[in-house]
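Encoded as structure tokens, the structure appears first; notes follow it.
Here, each number is a calculation from the coordinates, and none is a lab measurement. Computed from a prediction, not measured in an experiment: that's the story for all the values here. Backbone-built Cβ (ideal geometry, glycine too); neighbour counts: all protein chains shown.
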Amino acid sequence: MFLIPRTRSPYPTEFREHIIALARSGRSVESLAREFEPCAATIHLWFKEAQQDSGERDDGVTSAEREELKRLRRENKVLRQERDILSKAAAWFAQGEIPSSRSSGS
């Protein structure tokens, strides 16, 4: 799998929290987007995530749930790979073939 590197690092948590606090105080997302670098869609996403994390919204997963889901998906992938390897090894041993040194004489 080829991963495309990020062009820049994500915004620091403190910056996000500052933008969210400004939005909560009544500033419009569009004015924040003009004044600061993130686009309005990004700020809307941050605000929605903050509301979900604080329990103000229940129409999505919290950050903790999202992290747990990512961790479980990674773990599930590893377990599938291990299962596939064990399945292939079991099938190979079930055939009764035991590796031995073969002599070149016939």
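Using only the Cα atoms of the stretch 11-60, construct the convex hull and provide its projected area averaged over every direction, in square nanometres to one decimal.
Working: hull surface 13.5 nm².
Averaged projected area of the stretch 11-60's Cα convex hull equals 3.4 nm².
What does the charge add up to near ASN76, with Lys and Arg as +1, Asp and Glu as -1, over the other residues with Cβ less than 13 Å from its Cβ? Can you show the working numbers first?
Working: positive: LYS70, ARG71, ARG73, ARG74, LYS77, ARG80, ARG83; negative: GLU68, GLU75, GLU82, ASP84.
So the surrounding residues net to +3.
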